[in-house]
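The structure under discussion appears below in the form of C-alpha cells.
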Ligand code: UTP
C-alpha cells in the first residue's frame, strides 16, 4: 500500500491554550525544540508521504512559513560550521515534499475540516489524517508505520485507539467493538463524546486516522452532530464495517492540554541525549517541592 498524502486539520482555535494560541496556532508550539506540526510532518514522511495538506484557518501563515526554505539562515549556519543546525532547517518532510494549504473558512468540526481535502485525494487512494496536538512518541516504529501495516493486513481503514480512564472517556469518540484479537478491534459502532455511563467501551479514538477516499462520501456537511459540529465520528459510523480499531504501541501526549504539553516536554527532554542528564538532575532536585 502506498500512502503519499497526509491531511493536518489545524484550523481549531486552541481555546484550552489561550492566550498562547491567540495569534499562533497551537500546532506551532514547540516541544523541546520543534513545533508540534513538524513532529507530525516527519512522522508522515517516514511512511512515504510527500504531499502535506494543511486545513487552516486563523494565523495560517506561520505554519506555511515554517515549511518554506530559508536559504539565508541555512547558508549562515553552514558558514558558521553549524552543520547539524543547518540540516535541521532544510528539507523538512523530505526532498520531494509539497505543502498545500486549504482554508476551512470556519472551524465547523473535524469532519468538515477533513472534507476540505477531498479534491486532493484520488479515487481509491489511501491517506492519513494527523491531529498534530496528539504527539505520539514511539521508541521504535512510529504510529503511522504500525497503522499502515494493519491496513495492509486487513484491507480496511484504521482508527488509532487508546484505553482511556472512565473519568476522561466523555472527551473522546469511543468505539463499540464486536470482537477483539490482541490489539485489533472489529467494530460495530462508534459514539462521539458519550457520558461515561453510556460509553460502549474504554477504547477511544485518538489523533491518527488511516482513511481511503470513500470517507468523503460519508461526510454530511448538512447534518451537524454532537455540539453542533460536523463530526468525523458520524461519517465513520455510517461505514463502520470498513473500519478496524488498532491499539498502537507508543505514548500519546495531549498537547492541546496544559498538563499533556508539559508532560511531552519532560518525556521528550528525557529522551534527548543532550538534555537528559541535566533534566534528570533537576527533576531529582525539585521532586519534593
Ligand atoms: P480540538 O477540538 O482538539 O482543537 O480539535 P481546538 O478546537 O483547536 O482546541 P480547544 O478544544 O479549543 O482547545 C482537534 C483538532 O482538529 C482541528 C484542530 O485544529 C485540532 O488540531 N480542527 C477541529 C479543525 O481543523 N477544524 C475544526 O473545525 C475543528
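Assorted remarks:
- Qualifying residues in the stretch 130-164 (those that are in a strand (DSSP E or B) and buried (at least 23 other Cβ atoms within 10 Å of the Cβ)) - the one farthest from the ligand (Cβ to nearest atom): 158
- Looking across the stretch 105-129 at every residue that is under 15 Å from the mean Cα position of the chain (by Cα) and within 19 Å of residue 156 (Cβ to Cβ), the one that is farthest from the ligand (Cβ to nearest atom) is identified as 127.
- Residues satisfying the stated conditions in the stretch 8-44, i.e. touching a residue at least 24 places away in the same chain (Cβ under 8 Å), out of contact with any helix residue (DSSP H, G or I) (no Cβ under 8 Å at 6 or more places or on another chain) and farther than 27 Å from residue 278 by Cβ: 13, 23, 41
- Positions within the stretch 216-225 being assigned to a helix (DSSP H, G or I) and surrounded by 15 or more Cβ atoms within 10 Å (Cβ to Cβ), in sequence order: 216, 218
- Any chance residue 185 is surrounded by 15 or more Cβ atoms within 10 Å (Cβ to Cβ), at pLDDT 95 or above and in a helix (DSSP H, G or I): no
- Inside the stretch 1-17, residues that are under 14 Å from the mean Cα position of the chain (by Cα) and at pLDDT 90 or above make up a count of 7.
- Among the candidates 13, 67, the residue that is more than 15 Å from residue 92 (Cα to Cα) and either away from the ligand (no atom under 16 Å from the Cβ) or surrounded by fewer than 20 Cβ atoms within 10 Å (Cβ to Cβ) (or both) is uniquely 13.
- Contact annotation: residue pairs with Cβ atoms under 7 Å, 6 or more positions apart or on different chains, pairing a residue in the stretch 175-198 that is farther than 15 Å from residue 246 by Cβ with a partner that is in a loop (DSSP other than H, G, I, E, B) and at pLDDT below 95, are 192/225.
- Beta carbons closer than 6 Å, at least 6 apart along the sequence or on distinct chains, never pair a first residue in the stretch 98-110 that is under 20 Å from residue 224 (Cβ atoms) and assigned to a strand (DSSP E or B) with a second that is at pLDDT 95 or above and within 10 Å of the ligand (Cβ to nearest atom).
- Answer residue from the stretch 23-41, given it is under 17 Å from residue 93 (Cβ atoms) and within 11 Å of the ligand (Cβ to nearest atom) and is surrounded by the most Cβ atoms within 10 Å (Cβ to Cβ) among those: 27
The values are calculated or read from the model by the stated rules, or taken from the named source; none is laboratory data. Everything numeric in this text was worked out from a predicted model, so none of it was measured. Cβ atoms come from the backbone with ideal geometry, glycine included; neighbour counts cover every protein chain shown.
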